[in-house]
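The structure under discussion appears below in the form of structure tokens.
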Amino acid sequence: MKQSTIIAPSILSADFARLGRDVTEVLEAGADWVHFDVMDNHYVPNLTIGAMVCKALRKHGIEAPIDVHLMVEPVDELVVQFAQAGASLISFHPEASRHVDRTIQLIRELGCRPGLALNPSTPLGQLHWTLEKLDMVLLMSVNPGFGGQSFIPHVLEKVQKVREMIDASGRDIRLQVDGGVKIDNIAKSAGAGADTFVAGSAIFGSQDYRDTISRMKANAATA
Ligand code: DX5
Ligand code: ZN
């Protein structure tokens, strides 16, 4: 059963010269979560921000859930740092952890909600022995590393399959689509079974955050 629609702007596309203000504005404009993309120039060919920025956002007064997406290798040490810095959910890529089950346990032990992030070509078999332990499945609809890329259409097939798996499990697991999500394609992902949507450039690149977010929510609801 799909859960309530969540719009999680990715701060990768925010104005880093005034990050706290930009995040406050996008939440005031109706965003539900803050999607916090962590890249280490090892697992992906790009470098972004560490746990200290997550801590700074909490100190700035951000109370909304911070949805940390770790595109890093190794994973476990950064799970600890982000949990201590105020993360709410922590997703990681199975290829980046030697012991996926142990990393999922670690995230939960530290009081955060675990997610597994599957790249466009990563098979769904990765969910076989992990799905029941997750609070979210993150399906990448672009190859990880950069904002502003185009949505990869075959991912819609994966969304449908994972929706069936989640419904069969009978558990409240969120299905997140991440990458290339726009006002004019969000309905397709929602129709395929996603309930949680990351959007970076579509939101932070727009003139009116409130209008963009409300149109995304409306289009997701029509699906
Ligand atoms: C890519 C990140 C995505 C990205 C989304 O590696 O995981 O969250 O920032 O940005 P857009 O919505 O611009 O594709
Ligand atoms: Zn992401």
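In order along the stretch 192-200, the Karplus-derived 3J(HN,Hα) couplings, from 6.51 cos²θ - 1.76 cosθ + 1.60 at θ = phi - 60°, round to 7, x, 7, 10, 10, 10, 9, 9, x Hz, and Gly and Pro are given as x.
Choose one answer from ALA96, ALA168, ALA194: the residue with the largest mean-square fluctuation in a GNM of the chain with alpha-carbon springs under 10 Å. Maximum fluctuation in the GNM of the chain, among the listed residues, is at ALA168. Surface exposure of the chain, expressed per residue as accessible area with a 1.4 Å probe, stands at 44 Å².
With all protein chains in place and a 1.4 Å probe, the accessible surface of the chain carries 52 percent carbon and sulfur.
Counting Cα-Cα pairs of the chain in 10 Å increments starting at 0 gives whole-percent bin shares of 9, 37, 40, 14, 0. Volume per residue for the stretch 135-209 equals 88 cubic angstrom (convex hull of Cα atoms). Largest mean-square fluctuation among GLN207, GLN126, GLN81, in a Gaussian network model of the chain whose springs join Cα atoms under 10 Å apart, belongs to GLN207. How would the stretch 76-151 be classified by its alpha-carbon gyration tensor: rounded, prolate or oblate, with rounded meaning a/c under 1.5 and the a/b versus b/c comparison settling the rest? Note, shape of the stretch 76-151 comes out oblate. Lysine pair count for the chain (Cα-Cα distance under 27 Å; residues 8 or more apart in sequence or on different chains): 17. Rounded to the nearest 500, the 222 nm mean residue ellipticity of the chain from helices alone is -10500 deg cm²/dmol, with -39,500 (n - 2.57) taken per DSSP H run of at least 4 residues.
The values are calculated or read from the model by the stated rules, or taken from the named source; none is laboratory data. Note that the structure is predicted; figures quoted are calculated from it, not measured. When the accessible area is computed, the model is the full protein with side chains, heavy atoms only, and any ligands, DNA or RNA have been set aside. Shrake-Rupley method; radii C 1.70, N 1.55, O 1.52, S 1.80 Å.
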